[in-house]
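Asks: Have a look at this one before I ask anything.
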Amino acid sequence: MPHIAVTIGAGRSPRQLRTLLHEVHAAVLRSVDTRPEHVRVVLHEVPRTHWSTADTTLAELDQEPVRPTGPAEPTTPTTPTTPTTPAEPTTPAEPAELAEAAGEREPS
């Protein structure tokens, strides 16, 4: 009988927590040969002031300005170059072909 304990910092919506419980349950069913009614998932919400990483609480981290993600320096957009193939040479149409295309003459 699988028993999964999830610990998460408080602050998620009830819908997010319910989705988390559902997804963990589904992952266990995909991974382990067991019946759905045997899977137990316990969610522990910890106040953000009671959880620290590198001596900084989650509440303190929440107060820090959001740092942008991505490249450190701005990049200049470049225009992608696509290889071009030379167009096939065209030959002028014969007068009879032009007339046939226009429906003025029956094909021979």
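Asks: Under 5 Å between amide H atoms, partner at least 5 residues away or on a different chain: which partners does L43 have, H built in plane at 1.01 Å?
Replies: HN-HN under 5 Å from L43: V6.
Asks: Let me ask something else about it. W51's amide H: which non-local residues (gap 5+, or another chain) put their own amide H closer than 5 Å, with H modeled 1.01 Å from N in plane and none for Pro or chain starts?
Replies: L58, A59
The numbers here are math on the coordinates, done by the rules we state, and not lab data. Only a predicted model underlies this, so the values are computations on that prediction, with no experimental measurement involved.
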